Amino acid sequence: MTPTAAHARDNDPASGSASTAQPEVSVDGVALTIGQNTILRRIDLALPPGHIQALLGPSGCGKTTLLRIVAGLLTPSEGKVRIGGATVADASSGAFVPPERRGLGMVFQDYALWPHLSIGGNVAFPLEMRGVGGAERKTRVAKALALVGLSGFEARSPASLSGGQQQRVAIARAIVAEPRIVLFDEPLSNLDKELRDQLSTELAALVRDLGLTALYVTHDQGEAFAMADSVAIMRGGQIVQNAPPEELVDAPADPETAEFLNLGPVFTAVERDGAWRLTDADLALEPPSAFAGQSGANSRKARVLLARRALSLTAPGTGDCDGTVNHSLFRGDHHLVTVALDRPAQAAAAQPVATHPVDVLVVSERRIRTGERVGVRVLPDRLRWFADA
């Protein structure tokens, strides 16, 4: 199956005519309310052709609901969905194209294989629904299975396969009809980490080789970052930030996003006499010059992300702050060191037991003993500052 062939589609009134000038999938102002519960809050999202878009967030944030609206398994309360330029759902007019006419491939968390059908029968099912002839079905099933590394598995039963192999069958079934768009709903979450890492790499390569556009739902950050061109962070039924993985790491939109991505701890900083310091540590910081002029910024108080990439260890007395090592964990090619930063002298005298200890994570190339004194150096250009709400 070539990338060009993957873009061919069966005659489908919902498919529309694809154009590089328009998104392959667009979601405009989509909301969903069930009874008194608001599930989605005016979502806007556009996927260019060949783009892999991940939806990342905790359980209950709305990511799977959004995917199901795109798939046609749910109807939005507000807004519009377009696929290939054609409207497939419009709450204002009541327009709705059913899932089987949206020209999509879909891969689910639970594989959704029919146990009474052979592997070949499972993969061929979408072609049968489209009326594709037997000879062509056989050829296209063989090609799809070859793409996922399961050549010659046509006669086997789903029960004879491992979980990873069953998910490969589900992927083959999703691409056998050569759709331009594939939707993935946590497809690897039932697999162990090693197999999940392997399949996420293979799946990303396959999607790109075939030139597919993909919407990929996951709660696994590593999976999203490995797979996607851009990652939409969802929280409370909204997209709070949508950006390439590198931008999410460098510039998270808010403290909650930084903490969700496990980029490092976020602490309060206060400006006194023209200098910014952490409230619970003997550490002075340099905010960006434009920070005080940001809309909504409080010139006296802010929050700052102390990410691992912004810190380094040095000898006591030679960094920006000293501290005591609480823990050191070997991670294969480095040690991840937890350092409790010293409290300000006046705070320590007034309150010997810290109520809000400042523990930071720092990468070290050498093992450091628990209780050892170290210095911590800050790289100001790698700090992330947030206006205090």
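The values are calculated or read from the model by the stated rules, or taken from the named source; none is laboratory data. Only a predicted model underlies this, so the values are computations on that prediction, with no experimental measurement involved. Because the Cβ atoms are built from the backbone with ideal geometry, glycine has one as well, and the counts that use them run over all protein chains shown.
Going through the range 296-334 one residue at a time, which ones are over 26 Å from the mean Cα position of the chain (by Cα), buried (at least 18 other Cβ atoms within 10 Å of the Cβ) and not charged (D, E, K, R)?
A302, L313, G319, C321, G323, V325, S328
Is there a residue in the range 175-191 that is in the same structural domain as D220 (by TED's automatic domain parsing), part of a helix (DSSP H, G or I) and over 21 Å from E223 (Cα atoms)?
no
Scan the range 230-243 and give yes if some residue there is within 30 Å of L145 (Cα to Cα) and touching a residue at least 12 places away in the same chain (Cβ under 8 Å), otherwise no.
For the range 230-243, residues within 30 Å of L145 (Cα to Cα) and touching a residue at least 12 places away in the same chain (Cβ under 8 Å): present.
Table: residues versus (1) in contact with a Leu (Cβ under 9 Å, 6 or more places away or on another chain); (2) surrounded by fewer than 22 Cβ atoms within 10 Å (Cβ to Cβ); (3) outside the structural domain of R156 (by TED's automatic domain parsing); (4) closer than 15 Å to P179 by Cα.
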{"position": "Q22", "(1), (2), (3), (4)": "no, yes, no, no"}
{"position": "G29", "(1), (2), (3), (4)": "no, yes, no, no"}
{"position": "D90", "(1), (2), (3), (4)": "no, yes, no, no"}
{"position": "A95", "(1), (2), (3), (4)": "no, yes, no, no"}
{"position": "P99", "(1), (2), (3), (4)": "yes, yes, no, yes"}
{"position": "V107", "(1), (2), (3), (4)": "yes, no, no, yes"}
{"position": "W114", "(1), (2), (3), (4)": "no, yes, no, no"}
{"position": "I119", "(1), (2), (3), (4)": "yes, no, no, no"}
{"position": "A124", "(1), (2), (3), (4)": "yes, no, no, yes"}
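Can you tell me how many residues within the range 20-50 are within 23 Å of L206 (Cα to Cα) and among the basic types (K, R)?
Going through the range 20-50 one residue at a time, the tally reaches 0.
If K193 satisfies every condition in (1) within 30 Å of V378 (Cβ to Cβ); (2) modelled with pLDDT under 90; (3) charged (D, E, K, R) but one, which is the exception?
Unmet for K193, out of (1) within 30 Å of V378 (Cβ to Cβ); (2) modelled with pLDDT under 90; (3) charged (D, E, K, R): (1).
Scan A226, A159, A204 and give me the residue that is exposed (fewer than 15 other Cβ atoms within 10 Å of the Cβ) and either outside the structural domain of R102 (by TED's automatic domain parsing) or in a helix (DSSP H, G or I) (or both).
Checking each option against the conditions leaves just A159.
Considering only residues of the range 133-154 that are in contact (Cβ under 8 Å) with a residue 12 or more places away in the chain and not in a helix (DSSP H, G or I), which is surrounded by the fewest Cβ atoms within 10 Å (Cβ to Cβ)?
G149
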